Amino acid sequence: MQANGLDERTNLLVEEYSTSGRLDNITQVMSIHTQYLESFLRSQFYMLRMDGPLPLPYRHYIAIMAAARHQCSYLINMHVDEFLKTGGIAEWLNGLEYIPQRLKNLNEINKLLAHRPWLITKEHIQKLVKTGENNWSLPELVHAVVLLAHYHALASFVFGSGINPERDPDTSNGVRLIAVNNFCVCDLANDNNIENASLTSSNFGIADSLSELEALMERMKRLQEDKEDEEASQEEMATRFEKEKKESLLVISGAFDDEIVSTDVSRYIEDPGFGYKDFARRGEEHLPTFRAQDYTWENHGFSLVNRLYSDIGHLLDEKFRMVYNLTYNTMATHEDVDTTTLRRALFNYVHCMYGIRYDDYDYGEVNQLLERSLKVYIKTVTCYPERTTKRMYDSYWRQFKHSEKVHVNLLLMEARMQAELLYALRAITRHLT
């Protein structure tokens, strides 16, 4: 990192510490990408602390409910503290049966947004905003939906980056007892290269991972050239999407028994067995593809959010654009590389798993650019983040730097958040029309 980049990072971290009184590990890991971190902190600060439709304790309780869907103790503990600091009623922390009915009514939309957002309909919205003592106003509901989507996606980032709890002076041994994966945050924040040990311990050696890198760059170059030569028909593009959607079903994130949910987490969730079901599965809940052109973030979602919860649309839009366009034109040891096709493949593959299709995108590129171990990683981090392991993190792009893998996690997080918002905001729009 250049000296001026380091200064920028230091200034940002100092500013965050002076504003919030803490410097959590999420901020430290994200600080590898200072431009993005600035956008992230601005939007998170706005939704948690600035004037808005919801009272402050509600905001933190909603964050707890969202993080609990993925058993993310790290985020739950963080927001339990904030909930109490902002005047939240301690009794609510005993579990969902102790909270007001109005908050309890968010359970269904929290569950669907986290795992199967394509099932959200205008009826869910109508149920929440119908008249009565426990109803939600539309601005309040939009604020709640933004918080839910933000914290579901942030749980993906936490597990995907292996973020550990901070040392805690209030506990006897100085560390909160949270079961998290054994990555070292200091490695990520200092951008150490992935250790050679993790390369040689697999069946592949360093030579293999180097040739993988060269092969990926060659495929990127070929795709660029093919694009200039010929363009696939609309029918062919639609077929390629359906094929990729069906194939995403076959990407298994690992054989897991039903996870054991600790009582610390389970008290905040209803229906813990409800999880992601593959959109592409035949026969079961087979739903029409969400054509992105029919309801886009830029033309529809953005203006609706801004109208009902002022300025958050601008902040989210800046964050989405920032992560989508963020590039250092490098790939591992190579410089002056145009990574646009790779970034777009990552973002669009996440949306594909949620059934969202872009008419102008050739989904054949996803298969060309994303190898199987990377697809397993993407599906796990996006759909079942609590199952992510260090082995999955190490097994793809083994010559790449940690900072590049953190960049991948930022893309996955924002793609997931945007997918959830598109489904929820489309349902709100249908309720209004």
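The values are calculated or read from the model by the stated rules, or taken from the named source; none is laboratory data. None of these values were measured; they are calculated from a predicted model. Note that each Cβ is placed from the backbone with ideal geometry, even for glycine, and that neighbours are counted across all protein chains shown. These accessible areas exclude ligands, DNA and RNA; they are computed on the full protein's heavy atoms, side chains included. Shrake-Rupley method; radii C 1.70, N 1.55, O 1.52, S 1.80 Å.
Observations on the model:
- Counting only residues that are under 14 Å from Tyr354 (Cα atoms) and open to solvent by 20 Å² or more (accessible area, probe 1.4 Å), the stretch 367-384 holds 1 of them.
- Of all residues making up the stretch 54-73, the number that are open to solvent by 10 Å² or more (accessible area, probe 1.4 Å) and farther than 24 Å from Asn134 by Cα: 2
- Some residue of the stretch 8-19 being touching a Phe, Trp or Tyr at 6+ places or on another chain (Cβ under 8 Å), open to solvent by 30 Å² or more (accessible area, probe 1.4 Å), modelled with pLDDT under 95 and among the polar types (S, T, N, Q): yes
- Sub-7 Å Cβ pairs linking a first residue in the stretch 31-57 that is closer than 12 Å to Asp311 by Cα and assigned to a helix (DSSP H, G or I) to a second residue that is open to solvent by 60 Å² or more (accessible area, probe 1.4 Å) and not hydroxyl-bearing (Ser, Thr, Tyr), at least 6 apart or interchain, are Tyr46/Asp311, ordered by first then second residue.
- The stretch 99-116 residues that are closer than 12 Å to Leu147 by Cβ, paired with ones that are assigned to a helix (DSSP H, G or I) and open to solvent by 40 Å² or more (accessible area, probe 1.4 Å) (beta carbon under 8 Å, 6 or more apart): Ile109/His124
- Residue match in the stretch 165-184 (condition: open to solvent by less than 10 Å² (accessible area, probe 1.4 Å) and either of a type outside the set (Val, Ile, Thr) or at pLDDT 50 or above (or both)): no
- Within the stretch 245-266, the set of residues being open to solvent by less than 80 Å² (accessible area, probe 1.4 Å), on the phi < 0 side of the Ramachandran plot and either at pLDDT 80 or above or assigned to a loop (DSSP other than H, G, I, E, B) (or both) comprises Val251, Ser253, Glu259, Val261, Ser262, Val265, Ser266.
- Residue check for Val337: open to solvent by less than 20 Å² (accessible area, probe 1.4 Å), within 18 Å of Lys405 (Cβ to Cβ) and not in a helix (DSSP H, G or I): yes
- Search result, residues across the stretch 376-392 that are touching a helix residue (DSSP H, G or I) at 6+ places or on another chain (Cβ under 7 Å) and not in a loop (DSSP other than H, G, I, E, B): Val376, Tyr377, Ile378, Lys379, Thr380, Val381, Thr382, Cys383, Pro385, Glu386, Arg387, Met392
- Top-ranked residue in the stretch 121-164 [being part of a loop (DSSP other than H, G, I, E, B) and among the hydroxyl-bearing types (Ser, Thr, Tyr); ranked as least open to solvent (accessible area, probe 1.4 Å)]: Ser161
- Residue pairs meeting the criteria (Cβ under 7 Å; at least 6 apart or on separate chains; first more than 21 Å from Val323 (Cα to Cα), in the stretch 413-433; second outside any helix (DSSP H, G or I)): Ala424/Ile120; Arg426/Tyr295; Ala427/Ile120; Ala427/Thr121
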